[in-house]
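Student: The structure's right below; bear with me while I get my questions together.
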Amino acid sequence: MNIKPTVTLEEVTKENNLKNISFGGRYSPQNCNGRERTAIIIPYRDRKEHLEICVRHLHAVLQRQELEYGIYVVEMALPTQFNRGLLANAGVRTVREIYDYTCFIIHDVDMLMTDDRNLYRCGNQPVHFLTLSTKHGNNSISYADYYGAVVGFTSEQYQKCNGFSNLYFGWGGEDDDLGIRVQSAGMKFIRPKKEIGMYVALLHDGDVSNQRNPNRYVLLSQAKSRWMEEGVETVQFQRLALEYRKLYTWILIRVKEESIVRRYQQYLEDMTSRVPTILLSNVLPIEIVVAFSVNLLFTYVMMDIEQLY
């Protein structure tokens, strides 16, 4: 594929194969009826250059795949920390009001597929479209139960697992939580063949507004008992803007982080009593269990240091 390192939206709108896009980033094939109606939902913050590259790439690919689709960029008003799962849920809730989509694909802004055979369609199980990525060492995914970057659900599947958790403010954890939800709902992710699900990751500097979530392992340890209580149907947000732009629909939301955090404070306070269950559980990948143990040890050390002073 022709993956350009830089591109502007002005350049994109001049490309011949993109002139049939309706405002809001909607497209329908000219010579056939799409089997599905696919919504691409991009949780977004402060990646303008990546967004322009990703949108151009998606339009070109999805038109070649002859999909009926729309692209939706969901952004959270500052100063709230980035919350990918909450943005995905807010996107799904909003998009349902706009059009009767049958397939929802949650797509990171910095990921570009490299093979047209990686069809952006939903299946009889949720789909994890990524098998290999330049973001990870040796072009492989981080671990077998990694479900980040690009995932797809039918409307029924998303409802069945209650979507993403809304509690992961900052970086990390929401995709592992999603994997637990899918498994708990009696489903499993399927992937394309390894050579087909390859993605190029656009490079970027660290995001000061998206620091690592220090509570992610605590939340993950209780994801299996919490997944039915909070998710897409309980997401709380205020929609500030809904703009039908030339190449995508822009959705701006506001959330009250402090009120949402207050709802799961009990999980953080219950951390120590859950340690044996966490370490013996086979639900979480071993990488998460080890990382949680290190995080917990660090917490105890810091508590001892605070007592010294």
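Where a number appears in this text, it was derived from the coordinates with a stated rule and is not lab data. Fair warning: this is a prediction, and the values are worked out from it, not measured in the lab. So basically every Cβ, Gly included, is an ideal-geometry build from the backbone, and we count neighbours across all protein chains shown.
Student: I want the local charge near residue 241. Using Cβ-Cβ distances under 14 Å, sum +1 for each Lys or Arg and -1 for each Asp or Glu among the other residues.
Tutor: Local charge sum for residue 241: +1.
Student: Related question: Step through the table entries 135/194; 135/246; 194/224; 160/188; 135/224; 19/193, compare each Cα-Cα distance with 21 Å, and write down the pairs that go over it.
Tutor: Table pairs above 21 Å Cα-Cα are 135/246; 194/224; 135/224; 19/193.
Student: Between residue 261 and residue 234, what is the label-point separation in nm under the 7 Å Cα-to-beta-carbon projection?
Tutor: Taking the simple label geometry, residue 234 and residue 261 are separated by 1.9 nm.
Student: Based on the inverse mean of 1/r over its pairs of different Cα atoms, what is the Kirkwood hydrodynamic radius of the range 54-170, in Å?
Tutor: 15.4 Å
Student: Next question. Rank-order 88-101, 188-201 by packing density, defined as the average count of other C-beta atoms within 10 Å over each peptide's residues, highest first.
Tutor: With the highest mean Cβ count within 10 Å placed first, the list reads 88-101, 188-201.
Student: Express in nm, to one decimal, how much length is gained between residue 254 and residue 36 on full extension, taking 0.36 nm for each residue of separation and deducting their alpha carbon distance.
Tutor: Gain on stretching residue 254 to residue 36: 75.4 nm.
Student: Can you work out the FRET efficiency for the pair residue 23 and residue 48, with r the C-beta to C-beta distance and R0 = 35 Å, to the nearest 0.05?
Tutor: Given R0 = 35 Å and the Cβ-Cβ separation, E is 0.95.
Student: A further question on this structure: Can you run phi through the Karplus equation (6.51, -1.76, 1.60; θ = phi - 60°) for the range 190-202 and list ³J(HN,Hα) in whole Hz, with x for Gly and Pro?
Tutor: Once rounded to whole Hz, the list reads 10, 10, x, 4, 4, 6, 8, x, 8, 10, 9, 9, 6.
Student: What distance in nm separates the simple spin-label points at residue 171 and residue 100, each placed 7 Å from Cα in the Cβ direction?
Tutor: Going by the 7 Å Cα→Cβ label model, 4.3 nm.
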